[in-house]
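Okay, structure first, notes after.
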Amino acid sequence: MTGGSQLKTLNFAIVGCGFIASKHIKAIKNMPDCHLAAVYDVNLKAARELAHLTGALVYRNYDELIQNDSIHVVIICTPANLHVPLGIKAAAHGKHLLIEKPLAVSLEDADILIEACQRAGVILATVHQHRYKAPVKALKRAITQGELGTISHGSAVLRWNRNMDYYTQKPWRGDPLMGGGVLLNQAIHNIDLLQWMLGPVNRVYGQTASSILPIKGEETVIAVLQFASGALGLVEACSSVYPENLEETLSIFGSKGTVILSGKSISQVKRWDLASEVAKPEDYAVDPADPGGYIPVFADLVQCIRTGHNPMVSAQEGRKTLEIIMAIKDAHLNGKPIELPLKS
């Protein structure tokens, strides 16, 4: 395993130089003793453009990159079907891993990757950046401390717009076998928050549809989740809302409280009604310098590398959300509720 606690500077490499890589770059720049050392993409032009902006070294060959002992962490921002083979190779060379969601495109692949990282003794974290936002953490704390009382139900709503240009630019975005479709590519964050707030899921029923654009993946999903606690959850997600992104909303309802977080990217406290009145919503504003929430993702990862602790969003946490998504897909295909846990 690549050491962490004894290193003054952690060197990162980004694999996959598309749009999302820019968020990782900004976060690395804001972290002390962290350096973007290398970039790699099968699209050499994209890699060179990113390197020109950052001063990172461009690699033409992935194997050469992971064989460089001076690189400590590999960030994988490729289409999701590549996460596992790329991650396994990096882990075998002692690299810690930060992988964009989804962790994999199947539970079987996710388990293979998790086992490979455990065997290599490296940290494997996945990106669910909404968990680090101040209002979201405050809600989680309130639920954990019982301030909402008994939870009756919650809902995760995503009403966004992704037009045909979005899919034409990157065809994988519409292909579920590559991590495309609204479930794996957008709503995964909202489902993750719902299960993080309400706990293990016992049963899932869902329907999906693609009726607006000619893509292979689903554009719309409606799902009902039954939690082990007895609470119910509703997921409504759509990537073809006209004419633009409308909202991303998480609502939790309990016997002693109601909290609704909303805005176009869960950045606003819409309702914060707690019987205890321990906290005020204005205490939990999203950091305007980091509205996307990536900086605390990296702060957590760096701390884990230096201390050996588990990341806040570990691979096992990412797997939980992936399992729910696979169950929704199974429920749609089979036309009946699906019991969890699934077999990988």
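Using a Cα-Cα cut-off of under 23 Å, which lysines could be cross-linked to Lys216, ignoring same-chain neighbours fewer than 8 residues away? Partners within reach: Lys101, Lys170, Lys329, Lys336. Using a probe of 1.4 angstrom and keeping all protein chains present, the accessible surface of the chain works out to 44 square angstrom per residue. Among residues other than Ile88 with Cβ under 14 Å from its Cβ, the summed charge is -2 (Lys and Arg +1, Asp and Glu -1).
Considering only Leu184, Leu86, Leu322, the mean-square fluctuation computed in a Gaussian network model of the chain, springs between alpha carbons under 10 angstrom, is largest for Leu86. The calculated pair-distance distribution of segment 1-57 uses every alpha carbon pair, bins of 10 angstrom beginning at 0, and gives 24, 52, 22, 3 percent.
Extension gain, Lys336-Ala275: 0.36 nm per intervening residue step, less the Cα-Cα distance, totals 18.1 nm. A full extension of the chain between Ser255 and Arg48 corresponds to an added length of 69.0 nm, given 0.36 nm per residue minus the alpha carbon distance. A cut-off under 15 angstrom between Cβ atoms defines the neighbours of Val241, and their net charge, with Lys, Arg +1 and Asp, Glu -1, is -3.
Solvent-accessible area assigned to carbon and sulfur over the chain amounts to 53 percent, based on a 1.4 Å probe.
Taking a ≥ b ≥ c as the square roots of the eigenvalues of the Cα gyration tensor, segment 118-182 is classed as oblate, since a/c reaches at least 1.5 and a/b does not exceed b/c.
The label-point distance for Asn163 and Lys137, in a model that sets each label 7 Å from Cα toward Cβ, rounds to 3.8 nm. If only the Cβ of Lys and Arg carry +1 and only the Cβ of Asp and Glu carry -1, the dipole of segment 1-103 around its Cα centre is close to 220 debye.
The values are calculated or read from the model by the stated rules, or taken from the named source; none is laboratory data. Predicted model only: the values in this text are computed from it and were never measured. Quick reminder, even Gly has a Cβ in these numbers, built from the backbone with ideal geometry, and neighbours come from all protein chains shown. What goes into the accessible areas is simple: the full protein's heavy atoms, side chains included, and nothing from ligands, DNA or RNA. Shrake-Rupley method; radii C 1.70, N 1.55, O 1.52, S 1.80 Å.
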